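Asks: First the structure, which I've put down as structure tokens, then a few questions once you've had a look.
The values are calculated or read from the model by the stated rules, or taken from the named source; none is laboratory data. Remember, it's a predicted structure, so these values are computed and weren't measured experimentally. So basically every Cβ, Gly included, is an ideal-geometry build from the backbone, and we count neighbours across all protein chains shown.
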Ligand SMILES: [Zn+2]
């Protein structure tokens with residue numbers, strides 16, 4: 001492996017060890033829809049978008065590594081850490097969205113008022129409508 005690529009991979013390793021500060025990222029998914037009815041379709045759409053963003057970021061990292069291999073763009077080294085952090089953020093947001101999907105799948109909506117109720121509930125906890 002050539003020296004520049006090896007150096008770059010060492011930086012990637014270091015960045016991976018120091019990253020992991022993804023606090024508040026969950027809010028990226030949950031916060032955007034907070035206070036409103038969130039449905040599974042919207043969440044799945046969000047997961048799809050986040051995955052597409054992650055694929056783009058992975059491609060960017062690959063380009064930086066390959067440019068380093070060619071001996072181009074020495075400044076590219078500094079891009080790796082932030083790119084990895086952005087991927088970590090998106091993976092965390094995907095995890096949060098999946099968690100919400102799992103919660104919603106255990107629920108049903110009241111046909112009268114739209115409140116989220118347990119799947120096995122006989123009456124709406126908000127308006128009392130019978131299911
Ligand atoms: Zn209701």
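Asks: Kindly indicate which of 93, 16, 23, 55 is at pLDDT below 85 and either in contact with a helix residue (DSSP H, G or I) (Cβ under 7 Å, 6 or more places away or on another chain) or under 30 Å from residue 2 (Cα atoms) (or both).
Replies: It is 16.
Asks: Which of the residues that make up segment 114-130 are within 8 Å of the ligand (Cβ to nearest atom) and either outside any loop (DSSP other than H, G, I, E, B) or on the phi < 0 side of the Ramachandran plot (or both)?
Replies: 115, 117, 124, 125, 126, 127, 129
Asks: Turning to a different aspect of this structure: Criterion first (at pLDDT below 75 and in a helix (DSSP H, G or I)) does residue 35 satisfy it?
Replies: no
Asks: Further, regarding this structure: Got a number for residues in segment 88-113 being within 15 Å of the ligand (Cβ to nearest atom) and either exposed (fewer than 12 other Cβ atoms within 10 Å of the Cβ) or within 30 Å of residue 58 (Cβ to Cβ) (or both)?
Replies: Qualifying residue count for the region: 1.
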